[in-house]
Amino acid sequence: MNNIWCRMRRPLMASAAVALMLTPLSAWAYQDAPMLEEQVKAGKLPPVDQRLPEKPDVITPLNETGTYGGTLRRMLGGSNDHNSILRIVGPQGLTRWKADWSGIEPNVAESWEANADATEFTFHLRKGMKWSDGEPFTADDVMFFVDDLLNNEEFYPSAPSNYVVDNKRMQAEKIDDYTVKFKFAGPYGLFLQLLATPLAQEPVFWAKHYCKQFVPKYNPDVDKMVKETPGVEDWPSLFKLKCGELESPARWGNPARPTLDPWIMTDQAYTAGTTRVVMTRNPYFWQVDDKGNQLPYTDEVTMGVAPDNQALLLEAVAGHVDMQRRKIDTLANKPVLAQAMEKGGFHFYEATPSSSSTMTIHLNLTHKDPVMRKLLNDKNVRIALSLGIDREEIIDIVYQGVGQPWQIGPLEQSPLYNEQLSHQFTEYDPDKANELLDAAGLDKKDAQGYRLRPDGKRFTFNVNYTGIEQPDWGDALEIMKEQWQKIGVELNATSVERSIYYSRGEANDYDFMVWQSPGGLDAYFDPRDYFPIHPQGSWQAIPWVRWYLTGGKEGEEPDASNKERLKLYDEFKGAADPAKQEEIFKKILQIAADQFEMFSISSATSTFGVVNNKLMNVPDKIPSSWMYPDPAPTLPQTYFYKK
Amino acid sequence: MLWRYILKRLLWMIPFLFAVSVVSFLLIQAPPGDYLTTYIAKLAESNEILDQSAIDNLRERFGLDQPIYVQYFKWIANLLHGDFGMSFEWRQPVSELIWERMALTLILSFATLLFSWAISLPIGIYSAVRKYSIGDYVASTLGFLGLATPNFLLALVLMYIGVVYFGSDVGGLFSNEYVNAPWSWGRFIDLLKHLWLPVVVLGTGATASLIRIMRANLLDELNRPYVDTARAKGMSEFWLIMKYPVRVALNPFVSTIGWVLPNLVSGAVVTAIVLSLPTAGPLMLQALLSQDMYLAGAFVLLLSSLTVVGMLISDILLVLLDPRVKYD
């Protein structure tokens, strides 16, 4: 009986396909991967319609319906490359980014409503949805996070800021088994988008039936388990070791932990000893394609571990990597890979950057030296320094002619694009620069022709940059040094190890810092260059960041313009209406443009990733960003191998 | 006498290892910042952003907000109970991470040692006995080439040839199906199949210098009067050389056993990284780079203990080998 049914299913499917478009997929229509069909026959798994939710998430594949089988091979760089796993298996949160990053769409949540002032969000979960071990996924799992973890000070001494508004932690209410309402102390207009970012899956991350064994409230024997486990001192540590935490390799180290991901860990999990990670399809994955085939298409994802990037490149050259950008997408690697393309059987896809510029000079507006501080806070000095750079020359020599002279700000394709912010003062005009510097009180020069500050010291910038990670910055700074010499400004650049870079930065001990500018396409989520918000990234004024983040208790009060932007940002976060959000943010960008606090050399340029020629449904262009954890939003579970 | 000497040496190891633990902990702490600064820096490199509250939580959980002596005593107290603490980077107990790596490191060291001895002893003896012959020149030339080529370069070249011309999988010590499998006969055979590459790469340098040492030592011994005496008494030439001069010339081989392990861990790190070997070296280097104190500390302590034990073994072997060495 069962056999006949299996043979009949495919022809039946074809005729039903048209009807499927119109009616919701009915239970009998679903198709199983051959690998799982065998297990169903052997009685190890329930049939596919019992494993899927009542209404699975129906995905239309990018180009064509796929076929089952095969292994998606990727590489991890040595230790702590866990986010590379996250990027392919996907951040399965309540919402997800659309593949083209134009907005969000339902993911784990089937639908949602928000109230008018964006303080309450009601999520409807999928009826009958299951964890990877077959246990039901319900509102109780969400409530477990909110009540037992988020609002438990032992677990979170300070709560993840995604769930905090007005210094109060999010609360939740269970409406029924498949409906939960989240409540915030104030308006939270970005909440739904934030849930699509890589580190915001907490509400649907922990399976209560499994994880509660590590919580004292549910299991009085937790103390004993803590004592028996080496390295662990309290229950939150034990919980995080066994049940995972979002941002840690341990998340991928325990195959017993139930998940909602398309592929789940096998006993070859990601631990420090491993040289190869293997994930296999989740038999309870809750997405199907538009023909009723349960996703994912490929049986396995394997990830070799290569601590050396050259070894990783070698694997890509050999064609042992099926789809990857991370760790290989440098300009220098492109010719090597292009040469190996035919033999290795792969091609490139374009990785469009979300950053704004490749190299931004963050002048220290809160400089410890009062003379220097006064000079750097003079907009005309900043303009002069920018006009003293011949960007075309640097782009030609250092960036192989790729990119255009650019400051900071959202990219041209973004609705937030601000012409002034990104293009002002990019021309090379040493005469004008000299004129401005003379006027700013730097009109005296020493014997070597360098300008003297009002206190008689030479006008010098001593700069540290992380040369190992970004050798191009060193090259560019060397050229800048010569160019600035012509306007009487001295520049000494030294490459330092990155933790020294960061400790100098946090100690506010620098003239300017060099880093790339994010905020090209992800301005809402990473606005660190538009106002002081990021404690390790808004190098223009770290003390101001501290002031803002501690509510005025630490750090230093920002100037009026930055305070205004921070106030607008608070308003922006509270605005529920996307049009209103855009309007406020544009205002912020305009102020940043008028203030002209930092300058860059070149616009960010596209990089690339490699794709196996036989791997289908991979887009030609994928945004690459942290907030859009490429390639997950393009749904790798729909990639398949053409026979 | 010898037993008392061994006991004394063993007792001395206790304060020595204690001192090593203090010094290594201080050294790991010496660079500016702590694990979290390097962690943040690493994330920032790919423009990944970590929540400030998560950083605060981690700092508290790892005890990084406490003074260094408190951190040290916490570590050493747990260590006395056999608990090596938690690796910051992997957020896994250190004890889960180190044993397999140490075991593979020992296997690799031992195999490399055997390989280089097996090659260098006969060649060294031959070069000494047939001084300035064609064979001596050939062996010396090859030896110098081996010594002069950096190991990692040799590894890269061999890997490149393997990938480009043979399409083979390179790197690692196991085939895919055995990587995380429990130990079995099949896994052992698989290990042997992969072991030769790192052994050859790592062994070449050592082999070359051992050939030279053997040759020089043996040349010293060959002209000694006792050799002439033995020869005059009509002993066969082969046994004559093997039994006396070679035995004496072995002295430097035996006395360096204790260094083999630390050498392989510290000197072969680059090679191990290039070849993706799951040995202690790369993990320790990474732990040091990211200031993962407890993991790095555990490795430093284990290596120090093994070195101390290794030195003891070479001293004992020396007594057995060379009748002139005495301990009182």
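The values are calculated or read from the model by the stated rules, or taken from the named source; none is laboratory data. In this text, all values refer to a predicted model and were calculated from it rather than measured experimentally. We place every Cβ from the backbone using ideal geometry, glycine too, and count neighbours over all the protein chains shown. To get the accessible areas, we keep the full protein, side chains included, count just its heavy atoms, and leave off ligands, DNA and RNA. Shrake-Rupley method; radii C 1.70, N 1.55, O 1.52, S 1.80 Å.
From the list A:Tyr530, A:Tyr502, A:Tyr524, A:Tyr510, the one residue that fits, being on the phi < 0 side of the Ramachandran plot, free of Cβ contacts under 8 Å to residues at least 60 places away in the same chain and outside any strand (DSSP E or B), is A:Tyr502. Look at (1) touching a residue at least 40 places away in the same chain (Cβ under 8 Å); (2) closer than 28 Å to A:Ala579 by Cβ and you find that A:Phe155 fails only one, number (2).
Kindly indicate the residue of the range B:1-44 that is open to solvent by 40 Å² or more (accessible area, probe 1.4 Å) and over 28 Å from the mean Cα position of the chain (by Cα) and also farthest from B:Ile313 (Cα to Cα) among those meeting that condition. Taking the candidates together, the pick is B:Lys42.
B:Gly258 satisfies every condition listed in (1) of a type outside the set (Val, Ile, Thr); (2) within 14 Å of the chain's Cα centre (by Cα); (3) closer than 29 Å to B:Val157 by Cα except (3). Inclusion of B:Thr271 among residues that are under 30 Å from A:Thr271 (Cβ atoms) and in contact with a Ser or Thr (Cβ under 6 Å, 6 or more places away or on another chain) is not warranted. The sole residue among A:Ala159, A:Ala118 that is hydrophobic (A, V, I, L, M, F, W, C), open to solvent by less than 30 Å² (accessible area, probe 1.4 Å), in a loop (DSSP other than H, G, I, E, B) and closer than 30 Å to B:Ser87 by Cα is A:Ala159. If you go through the range A:121-140 and keep only what is basic (Lys, Arg) and surrounded by 14 or more Cβ atoms within 10 Å (Cβ to Cβ), you end up with A:Arg126, A:Lys130.
Conditions tested, residue by residue: (1) surrounded by fewer than 21 Cβ atoms within 10 Å (Cβ to Cβ); (2) facing chain A (nearest Cβ under 10 Å); (3) touching a Phe, Trp or Tyr at 6+ places or on another chain (Cβ under 6 Å); (4) assigned to a helix (DSSP H, G or I).
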{"position": "B:Ala103", "(1), (2), (3), (4)": "yes, no, no, yes"}
{"position": "B:Ala111", "(1), (2), (3), (4)": "yes, no, no, yes"}
{"position": "B:Ser116", "(1), (2), (3), (4)": "no, no, no, yes"}
{"position": "B:Tyr132", "(1), (2), (3), (4)": "yes, no, no, no"}
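The set of residues in the range A:330-359 that are part of a loop (DSSP other than H, G, I, E, B), within 14 Å of chain B (Cβ to nearest Cβ) and either among the small types (Gly, Ala, Ser) or open to solvent by less than 30 Å² (accessible area, probe 1.4 Å) (or both) comprises A:Gly345, A:Ser354, A:Ser355, A:Ser356. Scanning the range A:415-434 for residues that are part of a helix (DSSP H, G or I), open to solvent by less than 80 Å² (accessible area, probe 1.4 Å) and not aliphatic (A, V, I, L, M) returns A:Gln420, A:Ser422, A:His423, A:Pro430, A:Asn434.
Scanning the range A:257-301 for residues that are in a strand (DSSP E or B), among the hydrophobic types (A, V, I, L, M, F, W, C) and within 24 Å of the chain's Cα centre (by Cα) yields A:Trp263, A:Ile264, A:Met265, A:Val277, A:Val278, A:Met279, A:Val301. Suppose the filter is of a type in the set (S, T, N, Q) and either in a helix (DSSP H, G or I) or under 29 Å from the mean Cα position of the chain (by Cα) (or both); does B:Asn47 pass it? Spelling it out, it is not the case that B:Asn47 is of a type in the set (S, T, N, Q) and either in a helix (DSSP H, G or I) or under 29 Å from the mean Cα position of the chain (by Cα) (or both). Within the range A:479-499, track down each residue that is assigned to a loop (DSSP other than H, G, I, E, B), away from chain B (no Cβ under 14 Å) and surrounded by 17 or more Cβ atoms within 10 Å (Cβ to Cβ). Within the range A:479-499, A:Ile487, A:Gly488, A:Val489 meet the criteria. Against the list (1) among the β-branched types (Val, Ile, Thr); (2) modelled with pLDDT of 95 or more; (3) open to solvent by 20 Å² or more (accessible area, probe 1.4 Å), the condition A:Thr607 fails is (2). Screening A:Leu260 on (1) crowded, with 19+ Cβ neighbours inside 10 Å; (2) more than 22 Å from A:Gly93 (Cα to Cα); (3) modelled with pLDDT of 90 or more; (4) not aromatic (Phe, Trp, Tyr) shows it passes everything except condition (2).
Would you be able to say whether some residue in the range B:174-190 is acidic (Asp, Glu), free of Cβ contacts under 8 Å to residues at least 60 places away in the same chain and surrounded by fewer than 17 Cβ atoms within 10 Å (Cβ to Cβ)? Yes, that holds for at least one residue. Against the list (1) under 24 Å from A:Ser132 (Cα atoms); (2) touching a residue at least 24 places away in the same chain (Cβ under 8 Å); (3) within 14 Å of another protein chain (Cβ to nearest Cβ); (4) not hydroxyl-bearing (Ser, Thr, Tyr), the condition A:Glu245 fails is (2). When the range B:193-238 is filtered for residues that are in a helix (DSSP H, G or I), charged (D, E, K, R) and more than 36 Å from the chain's Cα centre (by Cα), the ones remaining, listed by number, are B:Asp228, B:Arg231, B:Glu237.
I'd like to know if the range A:280-292 contains one or more residues that are buried (at least 22 other Cβ atoms within 10 Å of the Cβ) and within 14 Å of chain B (Cβ to nearest Cβ). No, the range A:280-292 contains no residue that is buried (at least 22 other Cβ atoms within 10 Å of the Cβ) and within 14 Å of chain B (Cβ to nearest Cβ). So which residues in the range B:40-64 are more than 8 Å from chain A (Cβ to nearest Cβ) and β-branched (Val, Ile, Thr), if there are any at all? Residue satisfying the conditions is B:Ile55 alone.
Return the residues of the range B:65-101 that are in a loop (DSSP other than H, G, I, E, B), more than 8 Å from every other protein chain (Cβ to nearest Cβ) and open to solvent by less than 20 Å² (accessible area, probe 1.4 Å); say none if nothing qualifies. Once the filter is applied, which keeps residues that are in a loop (DSSP other than H, G, I, E, B), more than 8 Å from every other protein chain (Cβ to nearest Cβ) and open to solvent by less than 20 Å² (accessible area, probe 1.4 Å), the range B:65-101 yields only B:Phe88. Among residues of the range A:370-414 being among the basic types (Lys, Arg) and crowded, with 20+ Cβ neighbours inside 10 Å, the one that is nearest to A:Pro532 (Cα to Cα) is A:Arg382.
May I ask you to verify whether A:Ala447 is of a type in the set (A, V, I, L, M) and within 30 Å of A:Ile588 (Cβ to Cβ)? Here the answer is no, as A:Ala447 does not meet what is asked. In the set (1) closer than 30 Å to A:Asp630 by Cβ; (2) hydroxyl-bearing (Ser, Thr, Tyr); (3) away from chain A (no Cβ under 14 Å), the condition left unmet by B:Tyr35 is number (3). If you check A:His362, A:His367 for being touching a residue at least 24 places away in the same chain (Cβ under 8 Å), open to solvent by less than 40 Å² (accessible area, probe 1.4 Å), within 14 Å of another protein chain (Cβ to nearest Cβ) and not aromatic (Phe, Trp, Tyr), only one passes: A:His362.
Take the conditions in a loop (DSSP other than H, G, I, E, B), touching a Gly at 6+ places or on another chain (Cβ under 9 Å) and within 9 Å of chain B (Cβ to nearest Cβ) and apply them to A:Gly304. Does it pass? Criteria not met by A:Gly304.
Among the residues of the range A:162-179, those that are at pLDDT 95 or above, assigned to a loop (DSSP other than H, G, I, E, B) and more than 14 Å from chain B (Cβ to nearest Cβ) comprise A:Asp177, A:Tyr178.
Scan (1) acidic (Asp, Glu); (2) open to solvent by 20 Å² or more (accessible area, probe 1.4 Å); (3) within 14 Å of chain B (Cβ to nearest Cβ) for the single condition A:Asp81 breaks and write down its number. Single failed check for A:Asp81: (2).
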